[in-house]
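Below: the structure, in structure tokens.
The values are calculated or read from the model by the stated rules, or taken from the named source; none is laboratory data. Small disclaimer: the values here were computed from a predicted structure and weren't measured. Quick reminder, even Gly has a Cβ in these numbers, built from the backbone with ideal geometry, and neighbours come from all protein chains shown. When the accessible area is computed, the model is the full protein with side chains, heavy atoms only, and any ligands, DNA or RNA have been set aside. Shrake-Rupley method; radii C 1.70, N 1.55, O 1.52, S 1.80 Å.
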Amino acid sequence: MKHFEGFLILVSYFTRIPIGRTIEYSDEKYERGIHMFPLLGVLIAMVMLFAAVFLSHFFGGMVRGALIFLVYVALTGAIHIDGFADSVDGFFSGRSRERTLEIMSDPHIGTFGVLGVALLALVYSGVFADFASHKTALMALFPYVGRTAAYFCASIFEYAKPSGMGKVFVDAASACIAALHIALLAVVGTVLSVVSGIKILQFAIPVAAAFAAATASAWVSNRKIGGLTGDSMGMIIEFSQMVYLLTFVAAR
């Protein structure tokens, strides 16, 4: 029961879906919920799939792509996009570890952050505009892939600061559970590939590219600030999702 309550806490914290707010928070519930973080990506993917199919009946091209991106922003509250922007600002500043952490904690967005978010929005919108009916289900898995990759990185890297909710997340992440989630992702992707009549490699290659991008992002964070933070976890999620989608389109 505490695992389910923990999952609802994740839903209420990392999305704008109005459930889970009545669950009383505790560190124990949150830690248990963390182990189901990749499954939060499944929930988001289902909403994105519905949005993509629905909007495709009324809009096409970049208009459809932009609207699908807006659904993603509204659904997630842009929480990871904010972390992506803060990380880009900090890591591209070329400052010391302490100053980089200060920049990442600053609520104001800088030039590099603006450029990063603009690029992210452009890529997402462009790829969403290219949604094809027989591939939509697999493309819509991008939140699942991104959150599985982020959980994997959290399980192998340390947290960069002495405290914070991100530290609870990183400390609780388990390499064994990460392996289970990766295996589950492989099964889901294989089934959807077979059902969609797509070669399994057309799914496997984008997933591998996404995990490579996530690991590279985590390595940069570790090199720049000595580990991960909540912001760099957002960067890992958004960058790996973007790479997954771009590679998926390129591999068609």
Checklist line | Residues that are touching a Phe, Trp or Tyr at 6+ places or on another chain (Cβ under 7 Å) and aromatic (Phe, Trp, Tyr), drawn from the stretch 89-111 | finding: Phe92
Notebook entry, point to check: Among the residues of the stretch 65-72, is there at least one that is in a loop (DSSP other than H, G, I, E, B) and surrounded by fewer than 21 Cβ atoms within 10 Å (Cβ to Cβ)?
Noted result: no
Next item on the list: Considering only the stretch 115-127, state which residues are touching a Phe, Trp or Tyr at 6+ places or on another chain (Cβ under 6 Å) and either closer than 14 Å to Tyr244 by Cβ or of a type in the set (Lys, Arg) (or both).
Entry: Tyr124
Next item on the list: Among the candidates Lys224, Lys161, Lys199, single out the residue that is free of Cβ contacts under 8 Å to residues at least 24 places away in the same chain, open to solvent by 50 Å² or more (accessible area, probe 1.4 Å) and not β-branched (Val, Ile, Thr).
Entry: Lys199
Note to self: Let me spell it out: the conditions are (1) over 27 Å from Ile109 (Cα atoms); (2) modelled with pLDDT of 90 or more; (3) open to solvent by 40 Å² or more (accessible area, probe 1.4 Å); (4) touching a helix residue (DSSP H, G or I) at 6+ places or on another chain (Cβ under 6 Å), and Met46 meets all of them except one. Which number is the exception?
What the structure shows: (4)
Notebook entry, point to check: What residue, among those in the stretch 1-43 that are part of a loop (DSSP other than H, G, I, E, B), at pLDDT 70 or above and within 29 Å of Ala137 (Cα to Cα), is least open to solvent (accessible area, probe 1.4 Å)?
Noted result: Thr15
Note to self: Condition first: open to solvent by less than 30 Å² (accessible area, probe 1.4 Å), closer than 30 Å to Gly227 by Cα, part of a loop (DSSP other than H, G, I, E, B) and in contact (Cβ under 8 Å) with a residue 60 or more places away in the chain. Can you find one or more residues in the stretch 174-186 that meet it?
What the structure shows: no
Check: Any chance the stretch 157-167 includes a residue that's more than 15 Å from the chain's Cα centre (by Cα), modelled with pLDDT under 95, part of a helix (DSSP H, G or I) and of a type outside the set (Asp, Glu)?
Finding: yes
Notebook entry, point to check: Among all residue pairs at least 6 apart or on different chains, which show Cβ distances below 6 Å where the first residue, located in the stretch 138-155, is within 22 Å of Gln202 (Cα to Cα) and the second is among the aromatic types (Phe, Trp, Tyr) and assigned to a helix (DSSP H, G or I)?
Noted result: Leu138/Phe203; Met139/Phe248; Phe142/Tyr244; Val145/Tyr244; Arg147/Phe37; Ala149/Phe211
Notebook entry, point to check: Does the stretch 29-38 contain any residue that is in contact (Cβ under 8 Å) with a residue 12 or more places away in the chain, closer than 20 Å to Ala154 by Cβ and over 21 Å from the mean Cα position of the chain (by Cα)?
Noted result: yes
Next item on the list: Go through the stretch 83-126 residue by residue and tally those that are in contact (Cβ under 8 Å) with a residue 24 or more places away in the chain, surrounded by 14 or more Cβ atoms within 10 Å (Cβ to Cβ) and aliphatic (A, V, I, L, M).
Entry: 10
